[in-house]
Amino acid sequence: MASILVQLVVDGLAMGLVYVLLASGFNLIIGISGILFLAYGQFYMLGAYILWGLMVLFKVPFFVSLCVATAVPAILGGIIYKLIFQRIQSMKRQFLNGIVAALGLLTLIGQAALLGFGTSSRGVGSIFTGMLEAGGIRISVERLVLITLALAVLLGLHLLLQRTSIGRGMRAVSFNPDIAALQGVNPGRTFLVSMVVGCALAGFAGGIMAPVFAVSPGMGSIVLLILLVVMLGGVGSMIGAIIAGLILGLTLSFGQYFIGTGLAQILFFAVIGFIVFFRPGGLLGQPMEELPI
Amino acid sequence: MKGGKLLVLVGVMLLAISLVAIGCPAAPTTTAPTTTAPTTTAPEVKTLKVGLLCNFGWPLGLDMKKFLDAVVPAYNEAGGLAIGGDRYKIDLIEYDSKNDPETARAAVERMVYQDEVKFILGDITADAWISLTEENKVVSILSTNSPAALSPNLKYTFQGSYLNTSTPVIWAWFAEKYPEMKTVVNMSPDALQGHADAGALQALFPTLGLELADIVYYPPETTDFSAFATKVMASNPQVFCSAGGGTIQDYLSVKFVREAGYEGLVFMYRGVDPGGWSKVGPLDPVNGTIGPLMYTYLPPELMPAITKESKDAYIAKYGSWDDPVALFAFTWYVLQDALEKAQSLDPDKVAQVMASGLKFDTAYGPGMMISRPDQDNPRTIDALYEFTMATLEEGEIKVLDQVSADKAFELIKKYEIFGVYPD
């Protein structure tokens, strides 16, 4: 039984790290620019399809494909910000307008993927084969690589936010754009950077997931889970996103094993409800005093 | 002014979404009939209208439509249906049921009263409209596992797909072939069909001497099966089976179970699908998997002529064979054989032929109509197909056994799967 419990922890942490990666990017966008970017999951799907296309159709090596799968969603995110959200941010009721625009993008990109790729299943062959086993605990090498890459990128994100002038600017803008502007930080540029980095993280997550799981146009629906993770961790809190992502992974892993699929999902909602009841801003976030609509 | 810009922006986005939606082939928005026009219009050749009702928005329904759009014109090209001294070209009248009973009934009303169709290839919506076809003496050959379609009160309604018969008979084959294998863990999607499948196994296994050690349900869109695989390993069954989740989920469930260290037998009783699985990932994790094989996967030397002709017709129309899951196109072949054997377009005569043990040949293998004592129906109203069992060895298909429809029927009688048959 002990080995099963440890195995479930390993499974849950591996599952949770992907949620952490995605939630960090989503958090960056909503925390800094205030955009509830519901089309975020489609950038995850896009990253996976780009990696699949490059590796399967053009035989491009994995790491090169992964770079492209990260860069293209990042560039697209930047373009979308400049064309749509920058304009919306100068309007009244920018929050609701932003949601409408994000929903439109979600549908547009989803339908375009259906048209372009069809409903057939796609997959990338395993890049790193083999299994590691110790004390009855098993983990595939490809999953270990996924975990390592996710951790490396999260560390990079942490360094970007804490040790660079761009990161300091982002944190300042997330606190108060007007005060940050008085200190010489360009909020518009910072919003753009948060969108680019956030979408890059989504593309990267899609890219590292593709060889382990499968690629389909429905992948973008993960955004709903990510939204819950961000709510649980607290909007704008990176550490909160990490804790919440891991809680989600572990809850699903243990829940699926012990109480079944449907109840596991109910359990996760119950955990969120319980925490948000006592901490309305999430685990490490601040309660929102007014809705920025 | 800003509000005006927003309106323009939203308007442009809505327009773009509408254009994309209109162009999307997976979700047809009209129920208007489409027809495959006869390829020749020689005056001496008559036309026979056949209705096709399926869900165009569902991959299997769409594949059925695509498949028939290729093979029916090819059948017409080859001379069509010969009855007495007359020749008939088949005019397929197609309607989208949208898997919605009301839409389906409206479509059948149009087929019966407007198009004056006397033969329908129907789908899972049949419960909503078989009273109408019965009343109007329209022969309906269905792809549904609804017990209502097997009622002894019906005269013109037949189940033409493998849905009711394949699972029990394939498990009966398994129980005989691997008598030492007793404990089974089944993995199914946590949805209506998944629960129905698992329930069917629960009911069937005691008859066959098998033990269902655990049923693992997963959310239908799951791609991370690690926790579920750990659960399978906790039972460590002799046999693991996964079915009904679709190509991605079936493949990934096996992959993760193997990664979790499972070394037992994997039995995919709904079918081994090397074509589909190879699109998801390498075939290594599914090597050794045993299951029924679609005839379209058979090696050329074992492939029947009718299967090869169908594949050729599909390739001629669409340019390539993209492994369509045209399972429900079976019904077309059943109707074709019934008409040819009845040598009549009279629905009463065609129904009589079907209800009297019709044997038929399809692109997916030959089959026969059987009665259902468990439904108190002595007429042969359900379809039983021959099946080929195969495994994957190093990614290659290896045929293990070919079980004729007669042999399959013997298994059904032996285990009293559908009740006791009279001698």
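Restricting the calculation to Cα atoms, region A:136-257 shows an Rg/Rh of 1.02 when the hydrodynamic-style radius is the Kirkwood one.
Centroid-to-centroid, using Cα positions, region A:237-281 and region B:79-96 are 60 Å apart. The portion of the accessible surface of region A:168-243 made up by carbon and sulfur, rounded to a whole percent, is 68 (1.4 Å probe; DNA, RNA and ligands excluded).
Give, as a single signed number, the net charge of other residues whose beta carbon lies under 13 Å from the beta carbon of B:L265, with Lys and Arg counted +1 and Asp and Glu -1.
Details: positive: B:K177, B:K182, B:R258; negative: B:E180, B:E263.
Local net charge: +1.
Taking chain A as a Gaussian network, Cα atoms linked when under 10 Å apart, which of A:Q183, A:Q86, A:Q256 shows the biggest mean-square fluctuation? Looking only at A:Q183, A:Q86, A:Q256, the biggest GNM fluctuation is shown by A:Q183. For the peptide B:226-236, the mean number of other protein chain Cβ atoms found within 10 angstrom of a residue's Cβ is 6. Residue ranges B:117-125, B:146-154 sort as B:117-125, B:146-154 when ordered by packing (mean number of other C-beta atoms within 10 Å per residue, highest first). Of the residues A:V197, A:V276, A:V230, the one that moves most in a GNM of chain A with alpha-carbon contacts below 10 Å is A:V276.
Over region B:254-365, with every protein chain in place, what whole percent of the accessible area is carbon and sulfur at 1.4 Å, could you tell me? Accessible surface attributable to carbon and sulfur in region B:254-365 totals 53 percent. Taking a ≥ b ≥ c as the square roots of the eigenvalues of the Cα gyration tensor of region A:1-156, is the shape rounded (a/c under 1.5), prolate (a/b larger than b/c) or oblate? Taking the square roots of the gyration eigenvalues as a ≥ b ≥ c, region A:1-156 is prolate. As a length-normalised measure over Cα pairs under 8 Å and 6 or more apart, the relative contact order of region B:216-284 settles at 35 percent. Springs between alpha-carbon pairs under 10 angstrom, Gaussian network model over chain B: which of B:I381, B:I248, B:I170 fluctuates most? Top of the fluctuation ranking is B:I248.
Rounded to the nearest 10 degrees, the inclination of helix A:94-117 to the longest alpha-carbon principal axis of chain A is 40 degrees.
In terms of distances greater than 20 angstrom between alpha carbons, the cross-link table entries B:K65/B:K317; B:K66/B:K89; B:K349/B:K407; B:K177/B:K255; B:K89/B:K137; B:K98/B:K279 yield B:K349/B:K407; B:K177/B:K255; B:K89/B:K137; B:K98/B:K279. Per-residue mean of foreign Cβ neighbours for A:205-212 is 1 (Cβ atoms of other chains, 10 Å radius).
Over the protein assembly as shown, DSSP H runs of length four or greater, each weighted -39,500 (n - 2.57), average out per residue to a 222 nm ellipticity of -16500 deg cm²/dmol.
The residues neighbouring B:Q402, those whose beta-carbon lies less than 15 Å from its own, together hold a net charge of -4 under the Lys/Arg +1, Asp/Glu -1 convention. Here the Debye sum runs over all C-alpha atoms of the protein assembly as shown as equal scatterers in vacuum, and log10 of I(q)/I(0) at q = 0.06, 0.07 Å⁻¹ comes out as -0.42, -0.56. Remark on region A:82-111: accessible area falls by at least 40 square angstrom from chain-alone to full-complex state for A:M91, A:L108, A:Q111, probe 1.4 angstrom. DSSP bridge analysis restricted to chain B gives an antiparallel fraction near 40%, rounded to the nearest 5.
Quick check: from the Cα gyration tensor, does chain B come out rounded (a/c under 1.5), prolate or oblate?
oblate
Accessible surface calculations at 1.4 Å, restricted to protein heavy atoms, place region B:72-150 at 37 Å² per residue. The C-alpha atoms of chain A define a longest principal axis, and helix A:223-233 lies at about 80 degrees to it. The fraction of Cα-Cα pairs per 5 angstrom bin, counted from 0 for region A:55-102, comes to 5, 19, 19, 13, 11, 9, 10, 8, 4, 1 percent, rounded to whole percents.
Oblate is the label for region B:320-418. Its Cα gyration tensor axes, ordered a ≥ b ≥ c, give a/c of at least 1.5 and b/c at or above a/b. Buried accessible surface for the B/A pair, both sides summed and rounded to the nearest 100, is 3200 Å² with a 1.4 Å probe.
Averaging Cα coordinates gives a centre for region B:132-157 and one for region B:250-297; these two points are 36 Å apart.
In this label model, B:E394 and B:N153 are separated by 6.0 nm, measuring between points 7 Å along each Cα→Cβ vector. Label-to-label distance for B:L302 and A:M131 is 2.9 nm, based on points extended 7 Å past Cα in the beta-carbon direction. Per residue, region A:145-293 exposes 47 Å² of solvent-accessible protein surface, assessed with a 1.4 angstrom probe and all protein chains in place.
Would you tally the net charge around A:M45, using a Cβ to Cβ cut-off of less than 15 Å, leaving A:M45 out, and scoring K and R as +1, D and E as -1?
Overall, the nearby charge balance is 0.
For the pair region A:1-20 and region B:166-191, the centres of their Cα atoms are 30 angstrom apart.
The values are calculated or read from the model by the stated rules, or taken from the named source; none is laboratory data. All of these numbers come straight from a predicted model, not from anything done at the bench. A quick note on method: Cβ atoms are made from the backbone with ideal geometry, for glycine too, and the neighbour counts reach across all protein chains shown. The area values use the complete protein model at the heavy-atom level, side chains included, leaving out ligands, DNA and RNA. Shrake-Rupley method; radii C 1.70, N 1.55, O 1.52, S 1.80 Å.
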